[in-house]
Amino acid sequence: MLRSLKQSTFWKRTYTRKYSMSAIDIIAVRQRDGSFKMSPLILHLSKKAIDTHEVTVAINGKTLINNSEYKFVVQKGFQYACFIKNGCDAPVLGKNLAIKPQSPVTPLSPCDDLFSPAESPTSFTKDPYATTFKDEDKNWKQKLLDSVESETYNYEHTMPPSVWSEQIRLELEQKEIVDVTFITQEETVSTSLHIWSYTDNLVVSDIDGTITKSDIRGILCNIIGVDYTHDGIVSLFNNIHNKGYRIIYMTARSIDMFNATKQYIERINQNNSGMPAGPIITAPNTIINALCREVIIRRPETFKIAMLQCITSLFADHNPIKYGFGNRITDDLSYIAAGVDRFCIFRIDSKSRVLTKGVEHHLQGYKAVEEYVGKFF
């Protein structure tokens, strides 16, 4: 197992690399007037910047001209890029970039579970991601949480300014997916930009335990290249996509795992069909900090809630997020905070049993859910 891990592409890119930036996918929403609103440009360098310098951004190989009012820069001593206004000091960046919810996230309690313990495939009492701390753990865990959260800045510093709208409008006409390249002094990285309309409706899916059959094992199998995917997921998601919904793949995995995660989604093949195209959104943290939030602090939903709120803000006329797929109560909380109706949330367990408020009994696998697509979607 260890030998397979060390021979994997993920291991080589993550632990033997000299230079390797990471960037998550971007969403651009065409507004009613033809302009665009974009999700954050989250760019993580493999090492701290030696000095403050601008980042060049290119769409389909054409460089965007930095407006005289704003610049996209990496500050000296930091590993994240942000927008600054000329003549002003750059935002004081924390060592650990985290996207903060626009409103406080209330800790979970057993009564917050959508399903009763008797019917829930993963009951709250056994959920390893419960967000409340035991008394004996509270002091040191709370200090750790405070430490992580204090070393952050608001995602608004990574939101592209409106002055870019006219430039990107010319590049994105009549296209749905384009390549975006970030160029710094020493490194270059590419990601995808997905162009949507202000009228689109969205379906959000967790990855680990939801597309894969379990959380930890799903990540490990992804790293060594072993398929560990729920049966029927490809057909179901393609059916949903064909009904006009856009798919977002959102995970609390680290941004350092973005390339491996993207390759996994693109590599899934069931009955000679692949997953529908959609942006892949990871947590902006390093592997250590992402694990800290998910395993020790047990608050993976904080990142998801904030990012979903950010995506929702790109749609001026309506709340676009209609359905959510997950495997834990923290996923439910994320979707509810984003305005998803409780009857439109699907939770699956490691035995492929799916629960939703719209059906009285659990459904055995995604193939069974597909029979209800006409009813739900």
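Residue-wise test of (1) open to solvent by 40 Å² or more (accessible area, probe 1.4 Å); (2) in contact with a Gly (Cβ under 8 Å, 6 or more places away or on another chain); (3) modelled with pLDDT of 90 or more; (4) not hydroxyl-bearing (Ser, Thr, Tyr).
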residue: 210; (1), (2), (3), (4): no, yes, yes, no
residue: 220; (1), (2), (3), (4): yes, no, no, yes
residue: 249; (1), (2), (3), (4): no, yes, yes, no
residue: 262; (1), (2), (3), (4): no, no, yes, yes
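The set of residues from region 360-377 being among the small types (Gly, Ala, Ser) and over 16 Å from residue 234 (Cα atoms) comprises just one member, 374.
Mind checking whether some residue in region 9-20 is hydrophobic (A, V, I, L, M, F, W, C), outside any loop (DSSP other than H, G, I, E, B) and at pLDDT below 50? Among the residues of region 9-20, at least one is hydrophobic (A, V, I, L, M, F, W, C), outside any loop (DSSP other than H, G, I, E, B) and at pLDDT below 50, which makes the answer yes. The combined condition, being modelled with pLDDT of 70 or more, open to solvent by less than 70 Å² (accessible area, probe 1.4 Å) and acidic (Asp, Glu), is not fulfilled by residue 33. Would you confirm whether or not region 332-350 contains a residue that is modelled with pLDDT under 85, open to solvent by 40 Å² or more (accessible area, probe 1.4 Å) and over 13 Å from the mean Cα position of the chain (by Cα)? Yes, the conditions are met somewhere in region 332-350. Among the candidates 273, 205, the residue that is at pLDDT below 95 and among the small types (Gly, Ala, Ser) is uniquely 273.
Note on region 307-328: residues that are open to solvent by 10 Å² or more (accessible area, probe 1.4 Å) and not in a loop (DSSP other than H, G, I, E, B) amount to 4.
The values are calculated or read from the model by the stated rules, or taken from the named source; none is laboratory data. Treat the numbers as computed from the prediction; the structure is a model and nothing was measured. So basically every Cβ, Gly included, is an ideal-geometry build from the backbone, and we count neighbours across all protein chains shown. The protein model used for the area step is the full one, side chains on, heavy atoms only, and it has no ligands, DNA or RNA in it. Shrake-Rupley method; radii C 1.70, N 1.55, O 1.52, S 1.80 Å.
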